[in-house]
Amino acid sequence: MTDNPKLVPAEELVRRSTRRPLPNESAEYRAARDALLVEEIELRRHLARVAAQRRALPPGGAVTHDYRFVGAEGEVGLAELFGGHDTLFVYGMMYGPERKQACPMCTATVANWDPEVPHLEQRIGFAVVARSPYPRLAAFAREQGWDHLKLYSDPSGDFWQDYIGETRDDDMAGYSVFTRRDGTIRHFWSVEGGPEIADPGQDPHGAPDPNSLWNLLDLTPEGRGTDWYPSLSYDD
């Protein structure tokens, strides 16, 4: 239910719909679909409320450590990752030096962002960080056909320990947003929680899920399923 008096109740919006019935649909289907549309409208509104609540967070902790990364142009600091913007999104990818190959889930996640980077960079800085040496990251990006993602190695693991994992060697993924205001870089928001926050029968994904793979599968009758996981290759 909406708590904003300026919003028309979702049920009323559904009744106002002028969409024609789909071919051969039953009355039972239409009634169920309309009931679902009410929930979809409420979900849209809830996501908007959560986004507004996120934007209203008080200032996060100032970044005082001189984090160093290695990218295509050599060593850079966190400030350089902003690319002239005041907001920076950093994704921590599971591809440490001890891994034989990159995490398939991380790969599927960042792959769907690659073509979006030129659009994202109109508004924010966007970087993918991993613990492997940069030449290994660059080779993997070429192998995957990524043209736009900016990948950086975190050789010391300092950034990884503070904003991605519990330690420098934690093999986990995460993402954080930073701001730069009046010359001060601050942490704004990070995805939080692990297995302890998962609902029964689900993995501990956040909401909204940034991976469009899962969002698209959620629209299908099979859903995400419980026995499938992305792969680095589907040649077999």
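The values are calculated or read from the model by the stated rules, or taken from the named source; none is laboratory data. Only a predicted model underlies this, so the values are computations on that prediction, with no experimental measurement involved. All Cβ positions, glycine included, derive from the backbone under ideal geometry; neighbour counts span all protein chains shown. Just the protein is used for accessible areas: all its heavy atoms, side chains included, with ligands, DNA and RNA removed. Shrake-Rupley method; radii C 1.70, N 1.55, O 1.52, S 1.80 Å.
Looking across the stretch 149-171, the residues that are touching a strand residue (DSSP E or B) at 6+ places or on another chain (Cβ under 9 Å), at pLDDT 95 or above, part of a loop (DSSP other than H, G, I, E, B) and not charged (D, E, K, R) come down to L149, P155, S156. Every residue in the stretch 67-99 that is open to solvent by less than 50 Å² (accessible area, probe 1.4 Å) and in a loop (DSSP other than H, G, I, E, B), please. Of everything in the stretch 67-99, those that are open to solvent by less than 50 Å² (accessible area, probe 1.4 Å) and in a loop (DSSP other than H, G, I, E, B) turn out to be Y67, F82, H85, M93, M94, Y95, G96. I'd like to check something: does the stretch 2-22 contain any residue that is of a type in the set (S, T, Y), open to solvent by 60 Å² or more (accessible area, probe 1.4 Å) and farther than 21 Å from D218 by Cα? Yes, the stretch 2-22 contains a residue that is of a type in the set (S, T, Y), open to solvent by 60 Å² or more (accessible area, probe 1.4 Å) and farther than 21 Å from D218 by Cα. Only residues that are among the charged types (D, E, K, R) and open to solvent by 50 Å² or more (accessible area, probe 1.4 Å) were counted across the stretch 36-53, and they come to 4.
Selection within the stretch 164-222: residues that are under 26 Å from V63 (Cα atoms) and of a type in the set (F, W, Y). The member of this set that is nearest to the chain's Cα centre (by Cα) is Y175. Filtered by the rule that a residue be in a strand (DSSP E or B), open to solvent by 50 Å² or more (accessible area, probe 1.4 Å) and not basic (K, R), the stretch 172-218 gives T184, F188, W189.
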